[in-house]
Each structure stands twice: as structure tokens, then as C-alpha cells.
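All remarks here apply to the structure that follows.
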Amino acid sequence: METLQVALGRRSYPIHIGGGLLEQAEELLHPLGVGRWAIVCDDTVAALYGAPLARRTGWPLVTFPAGEGSKSLEEYDRLCRRLVQLGLTRSDGIVALGGGVTGDLAGFAAATLLRGVALVQAPTTLLAQVDSAVGGKTGLDLPEGKNLLGCFYQPRMVLADTVCLATLPRRQLACGMAEVIKYGCIADEELLTRLEQQEPDWPRIIRRCLACKAALVAQDERDEGPRRLLNFGHTFGHAMEALGGGRYTHGECVAAGMMEMLRWQTAHGSDQTAMLARLGTLLERYDLPRRLDLPETAWRQYLLRDKKRSGGEMTIAVLERPGHGVLWSVTPEELLEETRWM
């Protein structure tokens, strides 16, 4: 087991990375001093990991339907009511066991139920292990767009059990690889090179990605400055995901969003032709798309609803060079300009 630390003063917490951590969960969580834990997971993860964990620990298990559609006010209401019916108190806590949807939904419930109960993120997907389980973002979707409801609420601990990756469908593994590639693009060119030349070493990949994220979160907990570099590919990607309505995974949308951002940069004076070719080849290597079959004029309208819009400007993450991202301020109108030049 390897451990990283997210340095946030009194809200600091450890990230444990390794195989078999779910089997050690009761022991690892004991020092947190929480009275009773409730496991929250979707019905797919319940069969694989939730029910076995509940049997080992005696913790109650609460499930919801798998899929992005569960990040809704209706499912949030059902989850909170079930936790109240189980007698959860402010001295108890929630273990969010699953992927990004579970982390968002269960995290938002932990942040708001009884004005806040302890939260542990136990990510089971690659995407959640390298990205979404760390940093405290929680959220629900609205018909108008992704993550338009939510808050920052840091977990007390993160358990990234790499054994869980063995049960991921190929498409979900590719979904997480989009976030891994994003880290290489914005902060770690050596990681990009390794992904191009070697088969994935999951513990090493997760550690490198989370070391980057932990450092950015420590600098900018509330996503108001350098942490926004993590949004590379997400500005366009979230718009595509909202329009796609579940047709494409988050990672597929981020992959296409990274390519679209590089096209946009090239059309606006920052030539990324070489990086477009490099990224396109890497995405193909990991079964990710360069483009999505969506009407561009339609998904671009979702950019106007981006939650990071402030007044007449938006902050976007772009690449200065491979392994080095920077932030630009642009108007939504600039982003709405056509970029499909290649």
C-alpha cells in the first residue's frame, strides 16, 4: 500500500493506493472514530464489492440504479430518506463505493444530510481512482447540464483498491484512460511517453495522477485558480456529454473535448498541429474517439451554461506544450466559433 496526503490543514486526508484495500477497510477506517458507516453504491457495484463488504463489516448497504441518470434530485431524495430511515446520525458516515456517479451522489448526500456527515471515497473505476474521488467535488445534474448542483466537501480518506480494475469492462477502462491522458497533457509529459511505449502499470499510473491532483487541490481547494488546469478537455467535453444524453461515456467526451480544444487553439493562434496528431494516436491506442457523432451547432450551445462562466468570460485550460497546461480567459462567443478545420 502506498499513501499520499492531500494537504488542506485541518481537512487534510490520506489517499491509500494498493491491492486488497477493501478487505482492510474496517481496519483502515477505524482511526477516523466514526460511529457507524453506511455503504452507498450502485446495483452493479453492490453485487461485486458492496455486498461482500457489508457482510464482512456489518455496515448497512444502500443501492441505486447504475448510470449517470442517478445523479438527479429524485435519486438524491431517495438516498437521503433511506439513510435517515436507517438511523444515520451526525457521528456516523458514508462510504461512497463505486465510480464517479457514486462519488458525486453519495458525496453530495454526505455533505448535506444532517448538515454534513463523514465521507470516505472508495473508488472502484479507473476514472474515479485517478481523478474524481479526490478533491471534494460533489454534484448532481440538471436537464440543462452536468454538475449544475453541488458543493465542495472533502472526504476523510480515499481508498483506491487497484484489484477493482480487473472487473472493469473495456469501455470503462478506456473512460478512465482519458483522464490519465489528460494528466499527461497538462502536467506530466513523461507519463504521456510511457503510455505511448508501455503497457499500463496501474498503481504507478494512479500514483502519478493523484500526486498531481493532490498538489493542485492543496493550492486551490475551491477550483478558483490553478486547479482549473484539470478541466482540460472538459469545457467542450461536458457540453458533448450533456447533449449526448448517456450515449457516450464521460471519458469519451473528455477525449473528444481535448481534441476539440487543440483544434480551437490552433484556429486561434496557438499551433497545436503536432500535439493533435500525437494525442489522436494515443487516444486510438486506448480505444478513445477523436470526435463524436454529435451536431456541433447543438452541443456548442451547452457551453453557455458552463458553471465556470463568470460574467462575460470563461476560464479554459489549454496546452502551451506537451506536459504543460495554462489557463486562458475567453468569451463564450469565442468558444462558439467553428473550429472544424481538420
Wholly inside region 1-63, strands (runs of 3 or more DSSP E) that include 2 or more residues that are within 25 Å of residue 219 (Cα to Cα) are 2-6, 13-18
For region 167-176, which positions are under 20 Å from residue 134 (Cα atoms) and either open to solvent by 50 Å² or more (accessible area, probe 1.4 Å) or of a type in the set (Ser, Thr, Tyr) (or both)? 172
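Rundown of residues vs (1) open to solvent by 10 Å² or more (accessible area, probe 1.4 Å); (2) at pLDDT below 95; (3) part of a helix (DSSP H, G or I); (4) over 17 Å from residue 254 (Cβ atoms), yes/no style:
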residue: 122; (1), (2), (3), (4): no, no, no, yes
residue: 127; (1), (2), (3), (4): yes, no, yes, no
residue: 147; (1), (2), (3), (4): yes, yes, no, no
residue: 158; (1), (2), (3), (4): no, no, no, yes
Which ones in region 1-18 are open to solvent by 50 Å² or more (accessible area, probe 1.4 Å) and touching a residue at least 40 places away in the same chain (Cβ under 8 Å)? 2, 5, 7, 11
So which residues in region 166-201 are more than 20 Å from residue 289 (Cβ to Cβ) and acidic (Asp, Glu)? 188, 189, 190, 199, 201
Please determine whether any residue of region 210-221 is open to solvent by less than 20 Å² (accessible area, probe 1.4 Å), in contact with a Gly (Cβ under 7 Å, 6 or more places away or on another chain) and not in a helix (DSSP H, G or I). no
Being in contact with a helix residue (DSSP H, G or I) (Cβ under 8 Å, 6 or more places away or on another chain), within 24 Å of residue 156 (Cα to Cα), touching a residue at least 60 places away in the same chain (Cβ under 8 Å) and of a type in the set (Val, Ile, Thr), is that true of even one residue in region 43-66? yes
Every listed condition ((1) part of a helix (DSSP H, G or I); (2) of a type outside the set (Val, Ile, Thr); (3) surrounded by fewer than 21 Cβ atoms within 10 Å (Cβ to Cβ)) holds for residue 179 save (3)
Condition check for residue 101: outside any strand (DSSP E or B) and either open to solvent by 10 Å² or more (accessible area, probe 1.4 Å) or in contact with a Leu (Cβ under 9 Å, 6 or more places away or on another chain) (or both): yes
Filtering region 160-176 down to residues that are assigned to a helix (DSSP H, G or I) and farther than 20 Å from residue 4 by Cβ yields 166, 167, 170, 171, 172, 173, 174, 175
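Can you say whether residue 334 is part of a helix (DSSP H, G or I), open to solvent by 60 Å² or more (accessible area, probe 1.4 Å), more than 19 Å from residue 187 (Cα to Cα) and modelled with pLDDT under 95, as far as the supplied structure shows?
yes
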When region 276-298 is checked residue by residue, the ones that are touching a residue at least 60 places away in the same chain (Cβ under 8 Å), open to solvent by less than 10 Å² (accessible area, probe 1.4 Å) and over 21 Å from the mean Cα position of the chain (by Cα) are 276
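The values are calculated or read from the model by the stated rules, or taken from the named source; none is laboratory data. Note that the coordinates shown come from a computational prediction; the quantities given were computed from them, not determined experimentally. Ideal geometry is used to build each Cβ from the backbone, glycine not excepted, and the neighbour counts take in all protein chains shown. Ligands, DNA and RNA are stripped out before the accessible areas are found, and what is left, the full protein with its side chains, is counted by its heavy atoms. Shrake-Rupley method; radii C 1.70, N 1.55, O 1.52, S 1.80 Å.
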